[in-house]
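To start, the structure under review is shown below, and the notes come after it.
Since every read-out is calculated from the coordinates, none of them should be taken as a lab result. All values derive from a computational prediction rather than experimental measurement. Counting neighbours? That spans all protein chains shown, and the Cβs are built from the backbone with ideal geometry, glycine included.
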Amino acid sequence: MTISRLRVALYCLLAGVIGAVIGSRAWNSYTRPAEVSAAPAAAPIVTGGQASFAPIVDRDLPAVVNVSSSKVVRSYGGSPMMPFAMDPFFRQFFGDDFGGQPYRQGRQTQRSLGSGVIVRPDGYIVTNNHVIDGATDVRVTLLDKREFKAKVIGTDSRTDIAVLKIDAKDLPVVAWGDSGKVRVGDVVLAMGEPFGLGQSVTMGIISAKGRSNIAEIGGFGDFIQTDAAINQGNSGGALVDMKGELIGINTAILTRGGGGNEGVGFAVPSNMAHSVMEQVVAHGKVSRGYLGVVPQEITAAMAESLHLTDTRGVLMGDVSAGSPAAQAGIERGDVILEFDGQPVDSPNQFRSRVSGLAPGTDVRVKLLHNGAEKTVTVKLGEAPSEVAQQRAPAQPRGYPQGGPGYGPAPGYGPGYGQGFTPGPGYGGYGRSHDASGALPGVAVQNLDTQAARQLRLPPMTRGVMVSDVAQNSPAAEAGLQAGDLIQEVDHTRVYTVSDFDRAMRRAPGHTRLLLINRQGSTIYLAIEPR
């Protein structure tokens, strides 16, 4: 073989080796998955069956229990003339045979099923108050089928939380998580016993936070919303995050009358449930912090009238005389920006934070007073009893309801002015003045002594009474109601109808900020022109 032929053969061999190497690498890159960064993910992601929630379920589900309760209620039967036969007045005259058949009064046992979460190995269980409310017998069944008679340690209807205790040791538990750190979009698991079928698990995400005014819940706001399926029997079960920690107690669903799951469920945040449990176990009751204010959401219209640059914080619609807030120098019209070092985003969040602190706690509050920022320290009082909370006026539409410990008479009840029919002249008290020229759709009148008594206003209260509000008017949409007492227009005091007319005509075409008194409690309303 000549040198030239040898050189050609070597070149061919080298080319073949290089081609084989390149081809091998290309094939490997095609058949093997691409390498990814070793940085840890924020939470497990389930894709293509490569991940599973089974480890979380294996650890937590044994601590989710069945709670069954029963109570004895009165039952009536025998007479087709019900309910008259049950009325002692009729029975006094007609006897037990009223209606043609003997009247019988008996007893009937009602049963309910729910879920619970073991949170301490010595047998402490958290569930919903409505699961065991009024029960004479409560029983808990574990995943391993052991059944225990439970003792009710304490309940709190405001948060729908109840604490049970069973006589057992070394039980599995679900660890408490921090519900304050959950984010909308986080993956969660709901565990419980729907329809009494046995423990089961559903998956979803956090759909929203800070939900309130939910008819199925009532009480406090700041509930967690999730689309994880929650059905009958899931009440009191666990809502856990991807670390397997308890971030909520399943408590209610929102339906369209069918009673089934619509993907809108609610859970009591774990921080709230944990606080309630600790107080119930330690003291047998729940004591909540009291500030003595009525917080309001700041709308864009309010911000304009208050000369604010944005809608941050909550507006103080009222401050009770002698309350912790008043003693610290907080006044009506101030805007609270931070509470206990955390930004304040909404009245619901603010109320939840106040209630979550113990009476006597010193709290630093950052606020806007007359446009200038300042920080004050407030020593929280104890929230008034629920008896006092039932005597406060209704809030206007568009404004959150008061909760325990947040206003001069918190826990606003339904309705207003019982037996009082609003209309022109307000039931004939005084002479009504059509203020439609100054405020479209609104009639006002001077406040007289008789009307003040009917409205249950303090003797020295002054202002202009609203006698009628037209439907669909800007004032009605803002929440103004017949019977409201207008005390300020754009921070100017009004005592008579003439004062009101002058104040309203001062800057026509602009948003008006009204301070109204509703049964002794004040709030702000911003009425935008059309």
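At a glance:
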read-out: Set of lysines near residue 374 by C-alpha distance (under 17 Å), chain-local residues within fewer than 8 positions excluded; value: 366
read-out: FRET efficiency, residue 460 to residue 342 (Cβ-Cβ, R0 45 Å, nearest 0.05); value: 0.70
read-out: In nm, spacing of pseudo-spin labels at residue 287 and residue 208 (7 Å Cα→C-beta vector); value: 3.5
read-out: Difference of contour (0.36 nm per residue) and Cα-Cα distance, residue 51 to residue 369; value: 109.2 nm
read-out: Projected label distance in nm at residue 450 and residue 331, using a 7 Å step from Cα toward the beta-carbon; value: 3.8
read-out: Surrounding net charge for residue 340, when Lys and Arg each add one and Asp and Glu each subtract one, Cβ distance under 12 Å; value: +1
read-out: Net charge contributed by nearby residues that have their C-beta within less than 12 Å of residue 361 (K/R +1, D/E -1); value: +1
read-out: Entries in 145/181; 209/379; 149/285; 145/243 that, when Cα-Cα distance is taken, lie over 24 Å; value: 145/181; 209/379; 145/243
read-out: Label zone at residue 170, where the point sits 7 Å out along the Cα-to-Cβ direction: segment 120-163 residues whose backbone N lies under 15 Å; value: 121-123
read-out: Distance in nm between pseudo-label sites at residue 379 and residue 187 (7 Å out along the Cβ direction from Cα); value: 5.0
read-out: Linear extension gain, residue 310 paired with residue 361, 0.36 nm per residue minus alpha-carbon span; value: 15.4 nm
